[in-house]
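J.: This structure is in structure tokens; I'll ask about it shortly.
The values are calculated or read from the model by the stated rules, or taken from the named source; none is laboratory data. Bear in mind that the values here come from a model prediction, so they are computed numbers and not experimental data. Here the Cβ positions follow ideal geometry from the backbone for every residue, glycine too, while neighbour counts run over all protein chains shown.
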Amino acid sequence: MLKDGFIMPSQKRKFPFQVLLLIPAILLMLYGLWAGLQRMGWALPQLQTGLAALHGPLMIAGFLGTLLSLERAVALRIRLFYLAPLGSAIGMALVLMGVNGAMGVVLITLGSALMFVMMAYIVRQQTVPFTILLATGSAMWLVGNLIWLAGLGIANAVLWWSGFLILTIVGERLELSRVLHVPRRAQIIFWTGIALFGAGVVLDTPERLVLPDATLFLGSRLTGLGMLVLAIWLARYDIARRNMRQTGLTRFIAICLMLGYVWLGIGARRRACITTPCCTRFLSALYLA
């Protein structure tokens with residue numbers, strides 16, 4: 001390096017330790033994809049007994065929970081918050097190994113609780129709609145993990161986990177679309193969709209636990225309606241719609257986002273039914289989105 005006419009020795013760059021936390025997230029993703037292919041009926045080598053049943057937890061509580069909490073911790077640059085992705089990754093590894101009963105789920109739950117603390121900290125620094133949505137999404141992940149920890153079954157936790165992902169993505173898109181002028185009527189429609197989705201998630205678990213199978217399942221239908229409203233709103237008002245007229249990577253990302261909103265709408269339609277195959281198709285469409 002040349003400085004003031006003298007050749008100075010180049011400074012060594014420190015290896016970012018955050019990369020070390022990214023490695024288990026990638027491994028959990030690969031495990032989750034393997035489990036998903038097994039659920040689809042692919043004749044793959046059996047890495048361990050019951051892996052296919054852990055497809056959902058691996059992708060949400062393991063991979064995405066670790067990745068998103070790591071992203072927030074890196075942005076805030078507070079060392080304590082790195083315990084969130086660390087707890088999620090180690091906890092999911094323990095679940096995979098079947099070590100010490102519920103200890104793995106406990107660590108995942110603690111990681112999600114710390115992520116909620118992170119988001120509450122961000123909301124305190126910047127109290128705006130998109131940060132509130134992001135914090136609400138992290139709270140949904142925490143509630144879903146608590147349901148899992150309480151032994152109520154993954155089927156009752158998965159919709160809360162879905163809310164974690166949907167509100168996180170919607171919150172981030174809302175942040176990026178602030179430069180656009182959104183009519184007041186459209187804002188009302190957006191928050192109506194959020195309210196319908198949130199009410200449906202809250203109603204779904206007690207309905208499934210308390211009411212008989214012949215019940216209408218209002219929670220599922222409200223959730224699907226809310227998702228449909230959000231999918232249409234994002235397709236109409238997200239900045240990605242304008243970016244489709246750009247070139248290169250910007251255009252590619254915009255097209256992918258718009259296709260994602262289509263799949264979100266398809267998932268909303270599938271959410272309205274309550275049979276196991278239909279719910280499986282709903283989840284597949286949602287996470288593809």
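J.: Does the stretch 178-201 contain at least one residue that is over 26 Å from VAL128 (Cβ atoms) and free of Cβ contacts under 8 Å to residues at least 24 places away in the same chain?
T.: no
J.: Among (1) surrounded by 22 or more Cβ atoms within 10 Å (Cβ to Cβ); (2) modelled with pLDDT of 90 or more, there is one condition ALA157 misses while meeting the rest; what is its number?
T.: Failing condition for ALA157: (2).
J.: Follow-up. Pick from the stretch 22-51 the residues that are surrounded by 20 or more Cβ atoms within 10 Å (Cβ to Cβ) and of a type outside the set (Ser, Thr, Tyr): which of them is farthest from VAL74 (Cα to Cα)?
T.: My answer is ALA35.
J.: Tell me which residues, restricted to the stretch 187-210, are within 21 Å of ARG236 (Cα to Cα) and not small (Gly, Ala, Ser).
T.: GLN187, ILE188, ILE189, PHE190, TRP191, THR192, ILE194, LEU196, PHE197
J.: Take GLY56 and decide whether it is touching a residue at least 40 places away in the same chain (Cβ under 8 Å), assigned by TED's automatic domain parsing to the domain that holds SER88, under 19 Å from GLY153 (Cα atoms) and part of a helix (DSSP H, G or I).
T.: In short, yes.
J.: I'm trying to understand the selection: among the residues of the stretch 147-164, which are in a helix (DSSP H, G or I) and either farther than 14 Å from PRO206 by Cβ or among the charged types (D, E, K, R) (or both)?
T.: Of everything in the stretch 147-164, those that are in a helix (DSSP H, G or I) and either farther than 14 Å from PRO206 by Cβ or among the charged types (D, E, K, R) (or both) turn out to be TRP148, LEU149, ILE154, VAL158, TRP161, SER162, GLY163, PHE164.
J.: Further, regarding this structure: Name, by its number, the condition in (1) under 24 Å from GLY151 (Cα atoms); (2) more than 19 Å from the chain's Cα centre (by Cα); (3) of a type outside the set (Phe, Trp, Tyr) that does not hold for VAL202.
T.: (2)
J.: Restricting attention to the stretch 253-275, which residues are touching an Asp or Glu at 6+ places or on another chain (Cβ under 9 Å) and modelled with pLDDT under 85?
T.: Selection gives ILE274 alone.
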